[in-house]
Each structure stands twice: as C-alpha cells, then as structure tokens.
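Take a look at the structure below.
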Amino acid sequence: MNVLLDTSDEPLRAVDFASTDALLRDDVKMLGALVGEILAEQRGPGFLDEVERLRRAAIRRREAQAPIGALAEALADTDLDQASDLVRAFATYFQAVNLAERVHRIRRRRDYERSGAGAQPGGLRDALGVLARQGVSAEEVAALLPRLRIEPVFTAHPTEAVRRALLEKERQIVGCLVDDIDRGRTPAERRADRERIRVALTASWQTAEAPAAKPSVADEFEHVGFYLSDVLYRVLPVYYEMFEEALRETYGPFAPLPDVLGFGTWVGGDMDGNPNVGADTIAATLSGQRALVLNAYRRELGTLAELLSQSVTRVRIDDAVLARVEDYRYQLPKAALLLKPRHADMPYRNLLSLMAARLQATVDESVHGYPDAATFLADIALIERSLANNQGAHAGSFAVRRLRRRAECFGFHLASLDLRQDSGTHDAALAALLDLPEWASLDVATRAARLHTLLDGDAPPARAAAGPAQPTLDVFRAVARLRPRYGERAFGPYIVSMSRSAADALAVLALAKTAGCVDRDGRVPLDVAPLFETVDDLDAAADTLRALFADPMYRSHLRARGNRQVVMLGYSDSAKDGGMVASRWALHRTQSALTTLAADSGVRIAFFHGRGGSISRGGGKTERAVIAAPRGSVDGYLRLTEQGEVIHRKYGIRALALRNLEQTTGAVLRATLRPRPPEPRGDGWRAMAAELAADARAHYRALVHEDELFPAYFRAATPIDVIERLRIGSRPAKRAGIGDIGSLRAIPWVFAWSQNRAGLTAWYGVGTALEQALARHGRDALNEMSRDWMFFGTLIDDLEMVLAKSDPAIFERYSMLAQELPEGDLHARFHPGIAEEFERTRRAVLAIKGSDELLVGDHRLRQSIRLRNPYVDPISLLQVDLLARWRAAGRPDDALQQALVATVNGIAAGVQNTG
C-alpha cells in the first residue's frame, strides 16, 4: 500500500527519477508503504485518508499553481491531537526519505567504484590524481604531510532536534537498507529486513520527539560521544588505509602517514553565555571521554585476543612480548589468575588480556593502570613489531595496526576539549581581581600595561579568591590540575568570543597565570584563539593581531607554542550583524590579510572556521569552501565546527562519515599544494565584491538593526517564541544584554527564519546589491565572475539553494500574524518590502546563472525538495494556525505548545537546513 509516494495516478506529480536513482525510488516507495501501514495501524484508516487528502491538496497547490488559501483553510482549527499526529505522520515520511537518500549516496559510491570509471570525483584518489597531473611531485606531498591536520570540532549548539532514542532507530533502518544495497539478500532475508524496519518506524512513532526535560551538559556529551566513540572510532583506521592506498596508486611506494586527523568538542567547555558550564563540567567531560575511549580499547583488545592465538610451538614470538607478559603477570596478579591454562602457549592472547586488565585499572585509577596513552601505544607497538618480524603480516598485523591508529588519534582523551568564554566575562573577572570597576572602559594600552603586571608575577589583591573572578580562575585551576592526567592534547584552544583588541588575548594569559595554570617553565600551556565575530571586528582583525604580535610577552608565549596562532572566524554572528554577503566578504578579506601578516611576521596562522549548518551561518559543502579560500590561507590545516543537524547528516552513517573526511582532506591537499594561480581579473572582482558587500549590508541593517519596529515584527512573523522554549540545548537562546535581536543568538535567529520558510537571513539585502551590480557592470561581468571565481560562484550557488527551499506564499501566512500588534499592522509595513527583495534576489541569481528556473543544474536537489514539499507545506500551515491560537491563549505550557514543538521538529526534518 504505497500511499505516500505512488504518483502513477497523479498527472500533476510526475516525479522524474534519473535512471541512476531507480533504486532510490524503490527504497522510498517501500518506506512510504510502511509508513502508510503504520499510520493506518496506529491511528486508523480514517486518519490515513486525511493524510492522503492533505498530501494531494498540497501537491495540487504546488503543481497546478493553485492559491494557498484552500490548503490553509483545510488545516485551520484542526483538533490538537489530530494536528500533532498529522505533523508526526509527515515527519515520519521525512525520516524515511532522508534515510533513503543517505543510503543511496553509499549505493552510488559503490556503483561508481564497480563501474571502473576511475576515481570518484571529490575523493582522495581523485584529488591526488588532479595534483599529480598538475605536476605535484611525491616529494611535495611528503613534505606537506607532517603539517597536514584535519580537525572537525563538535559543538552542542541547539539545532539538532532529533532525540538520541530516535537516532538509534534510524541506525537500525539504515543497517537494513545498506545490507540490501547490492540486492544480494534472499527473499526471506528481505522480508525480515522489512519487518525490522517496520518495528523501528513503529517504535519511532510511539516515541515522543522532545525529551521531557531540557538536556543537561551531560546529555549533550552523551549525544556527541555517540558519534565520536561509535562512528568515528570505527571509521578512523579505514580513512588512513584509503589515504595510504590513494598515495600508493598515484605515486608508488609511500611512507606510512603521520597522525593527520583529530577531533575536538565544545561540549562541557563552551562557557560563553552558558551558566551551566564551568570547571565541574570540564572535569566531568574529560572523565567521560576517557571512559568512552578506554572501554572502546578494551572491547577491541578482547577481539584481538580471540584473533591472535599464535602458539610459541608454531611460530617465533619476540622476546620483548614474552617479557612483557611476565612483567604484567607480576603487576596484575588478579588478572593473571584469570588467564586460562590452555592458553599458556599463546603469548599475544595473554598479553592482550593483561593489557585490557591494565586499561580497567586505568579506569579505576589504580596505581597499576597505564600512566598515559604513550605507554599503551608502546605495548601495541611490541605486538605489531613481533608480528612483522615473524611472518605475521597476514596473521594479525592489519588488525593491530588499526588499533594503533585509533590509539594515536584518540589517546586517552578521545577528543580535544576546547574552552570558550566571552571577553566581557574576563573583563569582569579582571575588574574584581584588580579592584578596578572601570576596567572595561579603560583604553587598550592601559589595560595591556596592567595585564603585564600580572604576567610579571605581581600578586592580585586577596579578594581575588572570591567574587566574580572565582569561576574564571576555577576553570584555569581545573586545566592546571587535569592537563597532567589527560595529556597535552586533552585541551584544544582557549577561544575568546567577541575579541576586539590585543588586551583580550593578554587577559587569558594573565588570568591563567594568576590561577597557577602554567607549565614547568612558567608558561601558559594553552593556545589563545581570538574569535572575531562581527563584520567590524573581522575588518580590524589584522590590526589586532599585529598589535598582539608586537607585544613581547605574547610573542614569548607564541614561541613556546611553536609560533602558531589559532584564529577563529565567526560566520554566524557576522552574518547576523551584516547579512550573508557582507559576512562572507569580510571573512574572505580577513583571511587574505592575516595570511599576508603571517608571512611578514613569521607566525603561522591556523584558521578555525566557526561554521554553522545553514547557508547564512557558513554552511554548505566544505570542500568547495576550502577550494574557494584565499591563496595560502589553508596551508595544510583545517579546523571547523560541526553543529546540530550537520553532525547527524555528515557523521550519522559510517560510510558517509568516511566520505566526508575523504572529501575534506582532498580539498585541503588541493588548496595547499596547488592553489588557484594569481588571477589578472582579481582586483576588479574584489572591487565588485566590496561594492556588493557594502550595498547588501546597508540594506540588511536598515531593516534588521535600524528599524525600531522590526523586532516586534520578527517575534510575530516567526515561531521564535516556541524555539526559545525548545528543550534541545543546555544553553539559553539569548545572551544577557541589550535589544531583542542584538542579544538573540545567531542559531535561533536563523532557525526562526527557516521555520517560516522565508530564509531571509541568507538573501535579504542581496537582491538589492546584485540588482545594482548588474546595472553598473552588466550581466556578462557578473556571470564571468560567478563562473571563474569560486568564492563568488559558491555564494551564488548557495543563494540559489536557499531561494529554492523558500516559499514566499507560506511565509506570507506567517507575516499575517503581525497584522494586529500593539505597534500596528506590521505585516503591511514590512511584508511588501521583504517580498520585493526576495523577488529581486531570485531575478538577479537567475540572470547571473542564465537560467529560467532555480536549480536547473542540480537535478537531485530539485527532486529532493519536490519529494518533501507536499509534506512540509501542511506542517507549516498548521504551525501558523497553532501559533495564532497559542499566542491568543497567552502562550501556555500545555498541549498546544507541545503540538507547536512537533511542528518545529517536522519542519526542521523537511527543510533540513535549520540553524
């Protein structure tokens, strides 16, 4: 009963799947049929009929260009229970389509590899092949590898609206679909898979979408820990094997790869605006990560012990292994008693069992535990070396090498924990320490001079032990206490949000030293990473760092850190501040300026990209962004945040996680070894980009930041009041401070505009700027710039995608919620201008691309959006109706709010780009 996708009887709905996507269609049809069966079973045939009626009405509205009013009227005043279940029905379909599309990516990759068509575009083999054809030698590649570093950093930013319990059901469904990719399953096996999928979908239907309580930092750690310890732990050695194989295929024999891949996390260390994070969560997170990775090692050691059963009577084993077994028998007598006598002739098995016991002692903090990951790695090396020396290359070396790769990457810390705090919090702590209430208002030179007194060792007043400085000092004391235990790599950089001057970086050193957070040489053992967030701060970044590098104390700190300066670039707040075009241009220009500064100062700048999931927060295809970066700015290093739904999309399935890491590494190799040559047209293009950014920013700010009535309109025309109550993150939606929009965090700001289907945060102001640029320079000039300059071409492509996902007619229904406000009819005041700007942007993008329709060149994305629209549209219209009812009732925390929460989750699943 394929009630949710069978379009054979719908002439208005001829969904054209490419021949290569025929199996995707089969999966979608099968999953759709299952969803239909579940709806009929759980809510009855009448409910299923209602779902079908609304689906057909939504298709008719889309395909026949019918007015939206009829569909809106059909959904008005829907009973709350019925509304919630309608939303969940459509969202269950999204879940099915999303999973089918992800599994189809795995299928396409396998089909490509089997076809013998060569390296799949974007992968490591393809990237190295391109470099070789461009004349890059094996020696050049080998010289880069020691400084090559890829570091995805997982944050807890609240746009992931899917509970872990539901993610586990998704994994079960994915497993069944992946097992059947090659259609090699027997009919009985396929029937069993179908039943397992049905069970998982049914359990998902019967599980509440939102948790009963707001998640704690510990809950966020559990969520991110799942991807680190389950997915990436498994994927990591395969990544190295693929990389090394690609090197050999391209260049011949090649030395083993160094440690080029690592992972970071903000969960438990991101204090910026989150009162729930501090010294205690830092300690708890590091302890939890340690337990996760040590338990993973213990499980793997158990598997290896079963595998490595070589007997001394059959093969020689190095004396060092035999000696280590005896040593551990003495150190771990209780564990030694558990060794089976019949395994006495199997040294590898016995050593691995004793190593597992020593890991358990490490977890228990026993004196017999491993003191550090290096000691554990030394034991692994003993076994690996013995196997290699004694005909063991095909009898265990492969599996042991995989464990070694994991231990080299994850150590005893699993992922580096970044620390982040707002510069204003540091100012408050210093004001208390120095008994200077006016500290924040002092000029930069005066603050720097006073900070030098702390760095020189002058003791702060006794009152430093308490008051506003206490939580900040406790954090640095925790670092000092925990770093020896967990190792140097346990901590990532200390990030200073809202950095505006050299004093903001010096403040970290002064506070750390005051708290005793120094190494044996008296130096602060942390990288200090200024985070430049607004457009103005990005523009001033080069001057800020120039002043910082001129400071002798900071320069001494840099020398101790290998003359490497981490700089974090804020995509989210800069876009919220000035709009997407102004943000992207400021980021591009800042990277160029800092790359030049690095060359002049002898300091290596390591850029850390604070990207979000949506296009207006720096989202999009990572590999394109890397290739489009300014010449010289990548330099073998990529560190970027992975947030919210992006983590699930990129790392939820092992094969896709591997593909993402492969594409990212390939892009870094290409951008570093053969960046685009200098472009003679570059000066002209940069001048045009600067014009566009200035024009777009002025138009954007005039609406968002300078119209005093816009905040009221924003709160009426978006579901921001629902989003602020969502239980999907431990951090408040707002910073403490000034005006409504100014204090709102960038994530809920973007989330709200994606929920109402406007996408305003990505395109507002751009249409005006592009229209003016077309008038000044002509279509051909902008078309050429889009075609030949990847920075601008990526920007236009991203705009096109957001425009295609937006729906002006549905947004108008949200805007009409602002008709009767105390401030007046704000719908009439704002909507016409917003609608005109959307149309200006659409016309300009189509003109630059030379197209009559959006996404003509991206068949799969067009198809994906078309598959979802008939289900997103009814949820959106239900949300509008429920918002009006909830607000009229005074926004109670009741079933009406829960129905609204269901619509938020449903729309997020449908549009996929949220915050």
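If you go through the stretch 67-106 and keep only what is among the polar types (S, T, N, Q) and at pLDDT 85 or above, you end up with T78, Q82, S84, T92. Scanning the stretch 881-895 for residues that are of a type in the set (D, E) and under 18 Å from L75 (Cα atoms) gives a single hit, D881.
Of the residues L861, L867, L854, L846, which is modelled with pLDDT under 95 and closer than 27 Å to A702 by Cβ?
After applying the criteria, what remains is L854.
Is one or more of the residues making up the stretch 611-622 assigned to a helix (DSSP H, G or I), over 26 Å from A702 (Cβ atoms) and either modelled with pLDDT under 95 or of a type in the set (F, W, Y) (or both)? Checking the stretch 611-622: at least one residue is assigned to a helix (DSSP H, G or I), over 26 Å from A702 (Cβ atoms) and either modelled with pLDDT under 95 or of a type in the set (F, W, Y) (or both). Among the residues here, V199 does not qualify as under 25 Å from the mean Cα position of the chain (by Cα) and among the β-branched types (V, I, T). Confirm whether T313 is within 22 Å of R406 (Cβ to Cβ) and among the hydroxyl-bearing types (S, T, Y). Judged against the criteria, T313 is not a match.
Considering the stretch 426-444, the residues that are over 36 Å from the mean Cα position of the chain (by Cα) and among the charged types (D, E, K, R) include one that is farthest from S499 (Cα to Cα), namely D435. Scan (1) under 30 Å from I741 (Cα atoms); (2) touching a helix residue (DSSP H, G or I) at 6+ places or on another chain (Cβ under 9 Å); (3) surrounded by fewer than 24 Cβ atoms within 10 Å (Cβ to Cβ) for the single condition T596 breaks and write down its number. Condition not satisfied by T596: (1). The set of residues from the stretch 57-66 being modelled with pLDDT under 85 and either surrounded by 21 or more Cβ atoms within 10 Å (Cβ to Cβ) or in contact with a helix residue (DSSP H, G or I) (Cβ under 8 Å, 6 or more places away or on another chain) (or both) comprises R62, A66. In the stretch 278-290 there is no residue matching the filter, namely being outside the structural domain of L669 (by TED's automatic domain parsing), within 22 Å of L403 (Cβ to Cβ), more than 30 Å from the chain's Cα centre (by Cα) and crowded, with 21+ Cβ neighbours inside 10 Å.
Being touching a residue at least 60 places away in the same chain (Cβ under 8 Å) and within 47 Å of the chain's Cα centre (by Cα) is the filter; apply it to the stretch 305-322 and report the residue that is farthest from F398 (Cα to Cα). In this case the residue turns out to be A320.
Restricting attention to the stretch 394-448, which residues are among the acidic types (D, E) and either within 30 Å of D364 (Cα to Cα) or in contact (Cβ under 8 Å) with a residue 24 or more places away in the chain (or both)? Within the stretch 394-448, E408, D418, D422, D427, D435 qualify. When the stretch 853-910 is limited to residues that are among the basic types (K, R) and in a helix (DSSP H, G or I), the one that is surrounded by the most Cβ atoms within 10 Å (Cβ to Cβ) turns out to be R868.
When the stretch 832-852 is examined, which residues are found to be touching a residue at least 24 places away in the same chain (Cβ under 8 Å), part of a helix (DSSP H, G or I) and either not assigned by TED's automatic domain parsing to the domain that holds D798 or not charged (D, E, K, R) (or both)? Scanning the stretch 832-852 gives G833, I834, A835, F838, T841, A844, V845, A847, I848. I317 meets all of the listed conditions (1) closer than 30 Å to L506 by Cβ; (2) assigned to a loop (DSSP other than H, G, I, E, B) but one, namely (1).
Residue by residue, here is whether (1) under 21 Å from the mean Cα position of the chain (by Cα); (2) not β-branched (V, I, T); (3) not assigned by TED's automatic domain parsing to the domain that holds P525 holds:
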position: R604; (1), (2), (3): no, yes, no
position: I627; (1), (2), (3): yes, no, no
position: G632; (1), (2), (3): no, yes, no
position: K650; (1), (2), (3): yes, yes, no
position: Q663; (1), (2), (3): yes, yes, no
position: A667; (1), (2), (3): yes, yes, no
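Restricting the stretch 108-118 to residues that are without any contact (Cβ under 8 Å) to a residue 40 or more places away in the chain and of a type outside the set (K, R), the residue that is surrounded by the fewest Cβ atoms within 10 Å (Cβ to Cβ) is G116. Taken over the stretch 37-56, residues that are crowded, with 18+ Cβ neighbours inside 10 Å, under 17 Å from L867 (Cβ atoms) and more than 33 Å from the chain's Cα centre (by Cα) amount to 2.
Quick test for you: out of E244, E220, E170, pick the one residue that is modelled with pLDDT under 90, in a helix (DSSP H, G or I), farther than 23 Å from W266 by Cβ and of a type in the set (D, E). Please lay out each step first, then the result.
On the way: E244 fails: modelled with pLDDT under 90; E220 fails: farther than 23 Å from W266 by Cβ.
Exactly one of E244, E220, E170 is modelled with pLDDT under 90, in a helix (DSSP H, G or I), farther than 23 Å from W266 by Cβ and of a type in the set (D, E), namely E170.
Evaluation of G302 against the conditions (1) over 24 Å from F410 (Cα atoms); (2) surrounded by fewer than 20 Cβ atoms within 10 Å (Cβ to Cβ) shows that the sole unmet condition is (1).
For every residue, the table says whether it meets (1) surrounded by 22 or more Cβ atoms within 10 Å (Cβ to Cβ); (2) under 22 Å from S416 (Cβ atoms); (3) out of contact with any helix residue (DSSP H, G or I) (no Cβ under 7 Å at 6 or more places or on another chain).
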position: F476; (1), (2), (3): yes, yes, no
position: A480; (1), (2), (3): no, yes, yes
position: R489; (1), (2), (3): no, yes, yes
position: G492; (1), (2), (3): yes, yes, yes
position: V496; (1), (2), (3): yes, yes, no
position: S499; (1), (2), (3): yes, yes, no
position: A502; (1), (2), (3): yes, no, no
position: L509; (1), (2), (3): yes, yes, no
position: D519; (1), (2), (3): no, yes, yes
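Of the helices (runs of 4 or more DSSP H) lying entirely inside the stretch 633-716, those containing at least 3 residues that are closer than 30 Å to Q172 by Cβ span 644-651, 654-673.
Residues in the stretch 408-427 that are assigned to a loop (DSSP other than H, G, I, E, B) and in contact with a strand residue (DSSP E or B) (Cβ under 6 Å, 6 or more places away or on another chain): A415 alone. Restricting attention to the stretch 378-391, does a residue exist that is buried (at least 19 other Cβ atoms within 10 Å of the Cβ), outside any helix (DSSP H, G or I) and either on the phi > 0 side of the Ramachandran plot or touching a helix residue (DSSP H, G or I) at 6+ places or on another chain (Cβ under 7 Å) (or both)? No - not one qualifying residue is present in the stretch 378-391.
Please pick out the residue among G652, G644, G610 that is among the small types (G, A, S) and in contact with a His (Cβ under 7 Å, 6 or more places away or on another chain).
Values: G652 fails: in contact with a His (Cβ under 7 Å, 6 or more places away or on another chain); G610 fails: in contact with a His (Cβ under 7 Å, 6 or more places away or on another chain).
Testing whether each residue is among the small types (G, A, S) and in contact with a His (Cβ under 7 Å, 6 or more places away or on another chain) leaves just G644.
Just one residue in the set R715, R731, R697, R701 is closer than 26 Å to V535 by Cα, at pLDDT below 95, within 29 Å of the chain's Cα centre (by Cα) and of a type in the set (K, R); that residue is R731.
The values are calculated or read from the model by the stated rules, or taken from the named source; none is laboratory data. What you see is a predicted model; the values in this text were computed from it and never measured. Glycine also receives a Cβ, built like all others from the backbone with ideal geometry; neighbour counts cover every protein chain displayed.
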